Amino acid sequence: HPAMAQSQVTVYGILDSGLVYTNNSNAAGDSVVKVPGLTGSVPSRLGFRGAEDLGGGLQAVFVLESGVNVDTGTMGQGNRLFGRQAYVGLKSAYGTLTLGRQINMTFLAAVKSDVMGPNLFSMSSIDLYIPNARSDNAIGYLGAFNDFTVGATYSLGRDASAAGGPAATGCAGEVAGDAKACRQVTGLLGYDNKAWGVTASYDILYGNTGAAAGLTTSGSSDKRVTLNGYTMLGATKIGLGLMDRKKVAATRANDLESDMYYVGASHPLSPALTLDGQVARHDVKGSANDSTLTVVRLTYNLSKRTAVYSSLGHMRNGGLAAIALDAGGTVGAGLNQSGVSAGVRHAF
Amino acid sequence: HPAMAQSQVTVYGILDSGLVYTNNSNAAGDSVVKVPGLTGSVPSRLGFRGAEDLGGGLQAVFVLESGVNVDTGTMGQGNRLFGRQAYVGLKSAYGTLTLGRQINMTFLAAVKSDVMGPNLFSMSSIDLYIPNARSDNAIGYLGAFNDFTVGATYSLGRDASAAGGPAATGCAGEVAGDAKACRQVTGLLGYDNKAWGVTASYDILYGNTGAAAGLTTSGSSDKRVTLNGYTMLGATKIGLGLMDRKKVAATRANDLESDMYYVGASHPLSPALTLDGQVARHDVKGSANDSTLTVVRLTYNLSKRTAVYSSLGHMRNGGLAAIALDAGGTVGAGLNQSGVSAGVRHAF
Amino acid sequence: HPAMAQSQVTVYGILDSGLVYTNNSNAAGDSVVKVPGLTGSVPSRLGFRGAEDLGGGLQAVFVLESGVNVDTGTMGQGNRLFGRQAYVGLKSAYGTLTLGRQINMTFLAAVKSDVMGPNLFSMSSIDLYIPNARSDNAIGYLGAFNDFTVGATYSLGRDASAAGGPAATGCAGEVAGDAKACRQVTGLLGYDNKAWGVTASYDILYGNTGAAAGLTTSGSSDKRVTLNGYTMLGATKIGLGLMDRKKVAATRANDLESDMYYVGASHPLSPALTLDGQVARHDVKGSANDSTLTVVRLTYNLSKRTAVYSSLGHMRNGGLAAIALDAGGTVGAGLNQSGVSAGVRHAF
């Protein structure tokens, strides 16, 4: 019976698209106008999810979620059909155990404190791993106990796609005789009450032959530790955090040690209108290639599911830093970049 | 609540498949039998769409539509997940504004006058751009005012897929410092009443390094202007039109100037049975490589959603013209081609 | 009206994932731990299907079914969007006629007798064609008359994907002037009553330039004939069968002649708990490279739709046979392999 079958799956999604202008988009200082691909105010997606009550407080749960590049109709995450999430699991009062491709703890740790989220102009532009913090071949756990949250993922092969880009770094792992190759461990510990919260995370991923970013041996690794917090001042949220990163690549030239700090606020001007702002600072150790992002965003909610928004942003690139203001964008090395974006977001 | 969430998305589609026989399918004059890939009587698809009432006559709208090659289970449009349409927008009494990958005005202009539509044998075989008239990275507008329709698209990068074929011509655009590269503008103006209608369209697209069909500079362009009309004689529709095309490629050898004329009729033999016929003439300027298509189709509607059909077609290729009768097919250069197809179409 | 439209499509699927350990996974005898990709207890999928009553006992039917690799979120079957099934057809009391990509008779013939089905450890590991017995560009027929079942597929081009692997063998066919290239014919005849059943199948597929497994001419072929049967001993099913295979490749070095025999049982220990076991023997003619699979599986049904399971398996590889215990796995040539898997399966 179709009607009954339907009730076991929810089809959901978000479509978010718009326009973006940035200056200094190449070495000659030329500007560009685009329909952004990776994200607008949030990345676009289409998903299928469900939950079945198994009795005794136990549930079966699943999610299949496609990343959609609305500008071209293509799949995101290295041509994966369900690149955002693909998992099945069991949920109880003791937490949720999941198996498959899943969002890991580095992304979850910042969700409540990073008021801009994966906005086109955001700290994700500084480290594109943040909105792409997912692990293939992973066992995941997430539990909430009173005001505490604890979570972890363990991946046997963190990224099987070699299509290129931050979500397709070519490390399939699951190699006989090498217990490190392409493994990844992430962990999270958080505390939240109505007034404030704090979340810490740990993330280490290993390389192997063919992996991107110089992680071409199973001994090479990339480690991120974050601390994130927020507090409510009335209806206004103040959120801040830091991420400490240390990459030990196969050759020393590809090593990297950096800190990123961010502080922001989300302030409701009216029931329909929200003003968000954030500053993020990227400090590359032993280098002048540091960058500072400043962004403000105004969102007008047409309904609970639909909004229009506009962002103004600036990236200051010191030394020869070449971090683009917009996620997936380009900037001339050592050039500052300003930009403006506007778009519409619809959830269903 | 799943049931509520479901009501925000409509899953819809059309599956259309069958068999096709054509003679003279290679230079040796051999025939071939196939399950067609690109289309039967219409191209197959699976889509997700929705609309939300925002009050005051305003709506949020979205479409995500996959092109499906039923013969092999693959995606169409250059391996795009949602290659037919992927957009989000706002709709009001003043028209609909959309952002994303969308059908452009060259396709829409002929919809009411071209009685065969994207049939396997149709004028689409002469110019495969017609059923693939879509633009990536586009802003679209379509409005209807009394009996008038006006529409336009503006694309900042018309075709980001380089997979090959008419829907994947490798022109991603959005290049800093080049305001022409891979841009595309299309426009439409139409008038319709119950007895007749006429629609004109304009379409110019630009190239860039790596683009297909010799459009390898941003100065090179391909322009199509169409005029289409129809009239009702009782229940019988007579539709006709012309398309004027001028391609200025990077090198003169790839230039092309051509006209296409078509005239057809759609006649209901009974409530369930429809007979369609069309003749289309392709005139390549300064060349004997002209072609003439003749096609008749009989459709038997088993219900409003399901039909079986058969088409008989002939392509006359003058000079060394090598335009296949069937969309995506092959023919020996300068050979005429006859064919027959039959299939079943189901909409859901 | 969305609600009405929804009732015309059923969204359904199965997600099945877990962990697998195998020893001797390479020539050095190293072991490996993985999240399996191709299957757990059954392959994961997401599908869209529907049926419309056309009156007089006639129905229109369709299926679009994606194979999903839950471990990485990717598509299966050589990057096909709907690689498991993509067809439209008409169904009546005389049987169902279908057009498109479809499961062929070699898979269907063993469904009732092979108690392990496409389990990660199963006879599918010996011949990965069995769970991938599908044909592109096919006309299919399946009819049931009293206790008899008869079916056939005829493919004009059996496998259009050249991505590699058992579901992407690079034989698109539909070649003008070659009535054999990449064609495939499969047939089935079965009888079932409440106590026992028997099904036989025939399958011959042809090659062409570029096809995998040495079938690089349209004269080369791979033929499989199967005989399968089962009987119920109370609630316990005993199933057994044999597959005779003969491959005539383009060069004699790629020829293959083999038999596979299997026998198994499925026994309900309790309403919730099922024990399955199977032995399969692969006998390569004129060679010592024979293999024997032994597998037992315990399934605990948490509901009708959700289960957890664990399998224990062993593959004995004689000579230089290198058949891995797990589907898509690896084993050192001539090494035996033991393994254990566990996972969760959820249908929706």
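The values are calculated or read from the model by the stated rules, or taken from the named source; none is laboratory data. Only a predicted model underlies this, so the values are computations on that prediction, with no experimental measurement involved. As a convention, Cβ positions derive from the backbone with ideal geometry for all residues, glycine included, and neighbour counts pool all protein chains shown. For accessibility, only protein heavy atoms count, side chains too; no ligands or nucleic acids. Shrake-Rupley method; radii C 1.70, N 1.55, O 1.52, S 1.80 Å.
Computed values, structure above
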| item | result |
| --- | --- |
| Hits in the stretch A:123-147 - residues which are hydrophobic (A, V, I, L, M, F, W, C) and touching a Pro at 6+ places or on another chain (Cβ under 7 Å) | A:LEU128 |
| Among the candidates C:LEU142, C:LEU128, residue that is open to solvent by 30 Å² or more (accessible area, probe 1.4 Å) and in a strand (DSSP E or B) | C:LEU142 |
| Near pairs, Cβ below 9 angstrom, 6+ apart or cross-chain, from the stretch A:75-96 (more than 8 Å from chain C (Cβ to nearest Cβ)) to any residue that is part of a strand (DSSP E or B) and β-branched (Val, Ile, Thr) | A:MET75/A:VAL68; A:GLY76/A:VAL68; A:GLY78/C:THR74; A:LYS91/A:VAL61; A:LYS91/A:THR98; A:GLY95/A:VAL150; A:THR96/A:VAL61 |
| Subset of the stretch A:309-332 (residues that are within 20 Å of A:GLY40 (Cβ to Cβ) and touching a Gly at 6+ places or on another chain (Cβ under 7 Å)) | A:TYR309, A:GLY313, A:LEU325, A:ASP326, A:GLY328 |
| Subset of the stretch B:159-195 [more than 18 Å from the chain's Cα centre (by Cα) and on the phi > 0 side of the Ramachandran plot] | B:GLY170, B:GLY173, B:GLU174, B:GLY177, B:CYS182 |
| Residue list for the stretch A:50-77, filter: surrounded by fewer than 24 Cβ atoms within 10 Å (Cβ to Cβ) and over 20 Å from the mean Cα position of the chain (by Cα) | A:GLY50, A:ALA51, A:GLU52, A:ASP53, A:LEU54, A:GLY55, A:GLY56, A:GLY57, A:LEU58, A:GLN59, A:VAL61 |
| C:THR292 crowded, with 20+ Cβ neighbours inside 10 Å and without any contact (Cβ under 8 Å) to a residue 60 or more places away in the chain | no |
| Selection count, the stretch A:211-240, where residues are open to solvent by less than 20 Å² (accessible area, probe 1.4 Å) and at positive phi | 1 |
| Residues satisfying the stated conditions in the stretch B:110-125, i.e. outside any loop (DSSP other than H, G, I, E, B) and in contact with a Phe, Trp or Tyr (Cβ under 9 Å, 6 or more places away or on another chain) | B:ALA110, B:MET123 |
| Residue tally, condition farther than 25 Å from B:VAL88 by Cα and within 7 Å of chain C (Cβ to nearest Cβ), over the stretch A:59-74 | 2 |
| Qualifying residues in the stretch C:325-348 (those that are within 11 Å of chain A (Cβ to nearest Cβ) and of a type in the set (A, V, I, L, M)) - the one most open to solvent (accessible area, probe 1.4 Å) | C:ALA342 |
| Qualifying residue in the stretch A:261-282 (condition: more than 29 Å from A:SER17 (Cα to Cα) and open to solvent by 50 Å² or more (accessible area, probe 1.4 Å)) | no |
| B:LEU108 vs. criteria more than 11 Å from every other protein chain (Cβ to nearest Cβ) and at pLDDT 95 or above | yes |
| Flag if A:ARG316 is surrounded by 15 or more Cβ atoms within 10 Å (Cβ to Cβ), farther than 15 Å from A:ILE126 by Cα and modelled with pLDDT of 95 or more | no |
| Residue list for the stretch C:85-109, restricted to those being in a loop (DSSP other than H, G, I, E, B) and open to solvent by less than 20 Å² (accessible area, probe 1.4 Å) | C:ASN104 |
| Check on B:ALA322, within 19 Å of C:ALA176 (Cα to Cα), open to solvent by 20 Å² or more (accessible area, probe 1.4 Å) and within 14 Å of chain C (Cβ to nearest Cβ) | yes |
| Filtered residues of the stretch A:154-172 (kept if assigned to a loop (DSSP other than H, G, I, E, B), within 11 Å of another protein chain (Cβ to nearest Cβ) and open to solvent by less than 40 Å² (accessible area, probe 1.4 Å)) | A:LEU156, A:GLY157, A:ARG158, A:SER161, A:ALA167, A:ALA168 |
| Options A:VAL198, A:VAL175; residue that is open to solvent by 20 Å² or more (accessible area, probe 1.4 Å), assigned to a strand (DSSP E or B) and without any contact (Cβ under 8 Å) to a residue 60 or more places away in the chain | A:VAL198 |
| Criterion: open to solvent by 10 Å² or more (accessible area, probe 1.4 Å) and either free of Cβ contacts under 8 Å to residues at least 12 places away in the same chain or farther than 22 Å from A:ARG345 by Cβ (or both) - qualifying residue of B:LEU15, B:LEU38 | B:LEU38 |
| Residue check, C:ALA327 closer than 16 Å to C:GLY18 by Cα and not hydroxyl-bearing (Ser, Thr, Tyr) | yes |
| Yes/no for A:GLY29 being more than 9 Å from chain B (Cβ to nearest Cβ) and touching a residue at least 12 places away in the same chain (Cβ under 8 Å) | no |
| Any hit, the stretch A:112-123, residues being touching a residue at least 40 places away in the same chain (Cβ under 8 Å) and more than 30 Å from A:SER311 (Cα to Cα) | no |
| Residue in the stretch C:296-307 that is crowded, with 22+ Cβ neighbours inside 10 Å and closer than 19 Å to C:ASP259 by Cβ present | no |
